[in-house]
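Visitor: Quick one: the structure is below, and I'll ask about it shortly.
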Amino acid sequence: MLLNATQTAIQEAVRAFAQDRIRPRSAAFEAAGGYPAGLFAEMAGLGLMGMTAPEEVGGAGADYVSYALALIEVAAADGALSTIVSIQNSIMVSGLLKDGNSAQQARWLPAMIGGTAIGAFALTEADAGSDAAAIPHARAARRRRLAARRHQAVHHLRAHRRRRHGHRRHRSRRWPQGISAFLAPTDTPGYFVDKTEHKLGQAASDTCALRFEDCFVGDDALLGEEGRGYGIALSNLEAGRIGIAAQSVGMAQAALEIAIAYARDRISFGKPIIEHQAVGFRLADLATRLEAARQMVLHAAALKDAGAPCLREAAMAKLFASEAAEAIVSGAIQTLGGYGYLEDFGLAKIYRDVRVCQIYEGTSDIQRMIIARAL
Ligand SMILES: CC(C)(COP(=O)(O)OP(=O)(O)OC[C@H]1O[C@@H](n2cnc3c(N)ncnc32)[C@H](O)[C@@H]1OP(=O)(O)O)[C@@H](O)C(=O)NCCC(=O)NCCSC(=O)CCS(=O)O
C-alpha cells in the first residue's frame, strides 16, 4: 500500500521520537516495571494518546493507517509501551467516543488524550478466559445502582496506578439483558488489585487480577446501553486487533533490523555472514513475512478508514502478524547465534515481549474462529 504525505510524515515523526526518547530507555523501563508519567504527557503532545479522535475533542484526527504506522514505530522501540498506547487508543478513547455519553466523554477524554489518565480493559474472569460471554459474575440492579458481589479475575493494564480507569462487565444468566460495560475509576470503594501478574515479557505494562467486592457504581458509570456490554467490548476489539497486529510488526521490524545490521558487519569464513546463502536466504524469508504482515495490517486499517467491515481482515492481520513476528524475532536471534541470546543485543527482550501478541485481544485460535465464521 502506498502511503500519502501525511501518513509518511506521521510515521517519520513517531519513528524519530521513539528512537530518540523511548528505545534507549526500554530496558530500564522493563527493569523498573513501568514508565514515568512524563513520558505519557510527552507522547500525548505528539497526539499518540488519542490518534484517531477528532481534533474537536483534543485528538490528533489521524486516520487508522497513520495510527497503525505510529504503533509500529512505538513497538519497534518498546513493545510493552505500544500495548498501553494500543489499549488507550483502540479500547478506551475510541470506546468512549463510540459508546460514552457526553458527560462521560467530557469527564474522561481530556485526561486520556492528554496522557494523565491511562485506561485498563477488564473483560473476563478466571474460569471464562476467551469465552468472555461465559463470565459467571453475579450482578444486581437496584434503584439505578449496579453492584458486583463476587470475586472477579480479569486482565488489567496498569500503566499509572493512581490515574487508572477500568472497564468492567457483569453478567448473570438470570438477567436476560446480559452483560453491561462500566467505567470504573480505580478509587471506587470495593475496587481491589489483588495481584500484579509476573509475566514472561512486557513487564512494564501491568496485567493484574482485579476484585470487585461490594463495589457500587452509579448509572453515570454505565457505558452504552444496559445489557449491550458484550457487543461493545467485541466491537472495540476489532480496532484493538489491528493495534496488536501493528505492534507485532513493529517488534519484528526492530528485531530484523538488528539481525540485518549484524549480518552485514559480522565476518565469518572470510566474508560478511549475509553473503552466506544460509543467512541471506533466511533474512530474505523473514523480510518477506514482515512485509506481508505489514501490508495486512495497513489493509485492515485502510478498510476501517473507509468505514468498511474489517472484522475478518483485522483477525487475519493479527493472526498472521503475531505468528510471523515470533518467527522473525526467533530467526533474528538465530542470525546472531550466541550473541542473540544475550541481553546486550536487545533481541532477548523483544522475544519475551512479542510472544503475547498471539494471546491477548483474542488468541490465534480465536482469530481462526472469527475468520472461519466469515468464510
Ligand atoms: C470467541 C468470540 C468471537 C465469540 O463471540 P460470540 O459468538 O460469543 O459473540 P457474537 O455472537 O459474535 O457477538 C456478540 C454480540 O456482539 C456483536 N459484535 C461482535 N463483534 C462485533 C463487532 N466487530 N462490531 C460490532 N458488534 C459486534 C454481535 O453483533 C453480537 O451482538 P447481538 O447480540 O447480536 O446484538 C468472542 O468471545 C471473542 O472474541 N473472544 C475473545 C475475547 C478476547 O479477545 N479476549 C481478550 C481481550 S482483552 C486483552 O487481551 C487485553 C490484554 S491487555 O494486556 O490489557
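Visitor: As an exercise: evaluate Ala68 against (1) buried (at least 16 other Cβ atoms within 10 Å of the Cβ); (2) more than 16 Å from the ligand (Cβ to nearest atom); (3) more than 12 Å from the chain's Cα centre (by Cα) and give the number of the one condition it does not meet.
Guide: Only one criterion is unmet by Ala68, namely (3).
Visitor: Select from region 221-265 the residues that are in a loop (DSSP other than H, G, I, E, B) and over 25 Å from Gly50 (Cβ atoms) and write down the one among them that is farthest from the ligand (Cβ to nearest atom).
Guide: As a first pass, look at region 221-265 and keep what is in a loop (DSSP other than H, G, I, E, B): 224-228.
Those still in the list that are over 25 Å from Gly50 (Cβ atoms) too: 226-227.
Numbers: Glu226: 13, Gly227: 9 Å.
Across region 221-265, the extreme among qualifying residues is Glu226.
Visitor: Restricting attention to region 266-285, which residues are of a type in the set (Val, Ile, Thr) and assigned to a helix (DSSP H, G or I)?
Guide: Within region 266-285, the subset of a type in the set (Val, Ile, Thr) is 267, 273-274, 279.
Hits for region 266-285 are Ile273, Ile274, Val279.
Visitor: Residues in region 213-229: is at least one surrounded by fewer than 23 Cβ atoms within 10 Å (Cβ to Cβ) and closer than 30 Å to Arg355 by Cβ?
Guide: No, the conditions are met nowhere in region 213-229.
Visitor: Moving on to the next point. Where residues in region 210-220 are acidic (Asp, Glu) and within 22 Å of Leu96 (Cα to Cα), which of them is nearest to the ligand (Cβ to nearest atom)?
Guide: So in region 210-220, the residues acidic (Asp, Glu) come out as 213-214, 219-220.
Those left that are additionally within 22 Å of Leu96 (Cα to Cα): 219-220.
Working: Asp219: 22, Asp220: 24 Å.
Checking each candidate, the answer is Asp219.
Visitor: Right, next: Considering region 109-136 alone, what residues qualify as being open to solvent by less than 30 Å² (accessible area, probe 1.4 Å), part of a helix (DSSP H, G or I) and more than 11 Å from the ligand (Cβ to nearest atom)?
Guide: Residues satisfying the conditions are Leu109, Ala111, Met112, Ile113.
Visitor: Further, regarding this structure: From the list Ala5, Ala60, Ala44, Ala53, which residue is out of contact with any strand residue (DSSP E or B) (no Cβ under 9 Å at 6 or more places or on another chain), small (Gly, Ala, Ser) and free of Cβ contacts under 8 Å to residues at least 12 places away in the same chain? Walk me through it before giving the result.
Guide: Details: Ala60 fails: free of Cβ contacts under 8 Å to residues at least 12 places away in the same chain; Ala44 fails: free of Cβ contacts under 8 Å to residues at least 12 places away in the same chain; Ala53 fails: free of Cβ contacts under 8 Å to residues at least 12 places away in the same chain.
Only one candidate qualifies: Ala5.
Visitor: Right, here's the next one. May I ask you to say which residue of Thr188, Thr207 is open to solvent by 10 Å² or more (accessible area, probe 1.4 Å), within 16 Å of the ligand (Cβ to nearest atom) and not in a helix (DSSP H, G or I)?
Guide: Details: Thr188 fails: within 16 Å of the ligand (Cβ to nearest atom).
Within the list Thr188, Thr207, the selection yields Thr207.
Visitor: Okay, moving on. Does Gly307 satisfy being open to solvent by less than 20 Å² (accessible area, probe 1.4 Å), closer than 23 Å to Gly240 by Cβ and not in a helix (DSSP H, G or I)? It would help to see each step written out before you state the result.
Guide: Details: open to solvent by less than 20 Å² (accessible area, probe 1.4 Å): no; closer than 23 Å to Gly240 by Cβ: yes; not in a helix (DSSP H, G or I): yes.
No: the conditions fail for Gly307.
Visitor: Also, I was wondering about something else. Pick from Gly338, Gly362: which is buried (at least 17 other Cβ atoms within 10 Å of the Cβ) and either more than 14 Å from the ligand (Cβ to nearest atom) or of a type outside the set (A, V, I, L, M, F, W, C) (or both)?
Guide: Details: Gly338 fails: buried (at least 17 other Cβ atoms within 10 Å of the Cβ).
The conditions single out Gly362.
The values are calculated or read from the model by the stated rules, or taken from the named source; none is laboratory data. Keep in mind that this is a model prediction, so the values were computed, not measured. Cβ atoms come from the backbone with ideal geometry, glycine included; neighbour counts cover every protein chain shown. With ligands, DNA and RNA removed, areas are computed over all heavy atoms of the protein, side chains included. Shrake-Rupley method; radii C 1.70, N 1.55, O 1.52, S 1.80 Å.
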